[in-house]
Each structure stands twice: as structure tokens, then as C-alpha cells.
Amino acid sequence: WRRMLQRADGSASLLAHDGLELGRKDVSKKTAHVSRVQAIVRRQPTGEVVVEAHGSNITGVRASAEAAWTWLRKGEHSMALGAGGQVALDKALPADAIFTLASPPPPSAPCPAPTARPTAQSSSMLGRARSRARSHGHSQG
């Protein structure tokens, strides 16, 4: 299970681990209505997350960017959110206070190892090995 919370303004991505605290440290200074710990992300066995509101101001959640916001008061829990679900730390909805739940990109494929090209030395050694094999009655292909 791995999910990322990506800030709507594109400037931050956080690994959404169980117990992740979202708050003032995650938004710009101009967002005055965000508590030090505004919300806590709780991981569910299904891979979805539930958001617990902890701030003195309300915290928004919605299932997708097209859905209506549900506003949670301190101590309330959200419905389970899957990929595309959003969390707003400020009701004014500045882009730096909205996080979208996403699956992380798959790990990049490792670069293939370069194929070894025969060098002059290795070609020379191969030629000598073939010569010795022929002189001892062995054939090599």
C-alpha cells in the first residue's frame, strides 16, 4: 500500500502513511486558518484512507475533484477516500492547502546493462583458445 498526497499547486508531494499529520507546515504562510495539526491521515486495510479533523477550523474532504466538499469539525472522520480523493486544510480553498490522494508512479525500469563488445585483447585470447583446441583435437564453434 502506497499512496501520495499531492498538493494542488504542484509544489509538494507527501507519502500518505498511517498517522500522517497535515497542517500549517504543509501550506504557505499566507494560509492563516490552518492549525499546526489540521488533519491526520489514517490508512485502511483496503488501501483507502480516512481523514480525522484535528484543527480549530473545519477540514474539507471529497471523493474526487468533481464532488462536493464535506466539511469536518474537530474530532470528526471522513468517509474512506481512494485515489482522486481530496483534503482541504482551509475552507477558502487556496491551491497550496488542497491535497489529492494518488498512487505513486511505478518505479522506473532499470537501465539495461550495456552489452560487452569484444576488445582486441579478448578477440586475441579467443583466437588463441581456438588454436589450442584444434591442436589438441577438440573442435570449438
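The values are calculated or read from the model by the stated rules, or taken from the named source; none is laboratory data. Everything numeric here is computed off the predicted structure, so don't read it as measured data. Positions of Cβ are backbone-derived with ideal geometry, glycine not excepted, and every protein chain shown enters the neighbour counts. To get the accessible areas, we keep the full protein, side chains included, count just its heavy atoms, and leave off ligands, DNA and RNA. Shrake-Rupley method; radii C 1.70, N 1.55, O 1.52, S 1.80 Å.
Tabulated values for the structure
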item: Residues that are within 15 Å of Val34 (Cβ to Cβ), in contact with a strand residue (DSSP E or B) (Cβ under 9 Å, 6 or more places away or on another chain) and open to solvent by 20 Å² or more (accessible area, probe 1.4 Å), drawn from the stretch 74-93; result: Lys74, Lys91, Leu93
item: Entirely in the stretch 1-90, the strands (runs of 3 or more DSSP E) that have 2 or more residues that are at pLDDT 85 or above and within 20 Å of Ser103 (Cβ to Cβ); result: 20-22, 39-43, 49-53, 59-62, 86-88
item: Any chance Val51 is open to solvent by less than 60 Å² (accessible area, probe 1.4 Å) and in contact with a Gly (Cβ under 7 Å, 6 or more places away or on another chain); result: no
item: The lone exception for Ser35 - which of (1) under 21 Å from the mean Cα position of the chain (by Cα); (2) open to solvent by less than 60 Å² (accessible area, probe 1.4 Å) it fails; result: (1)
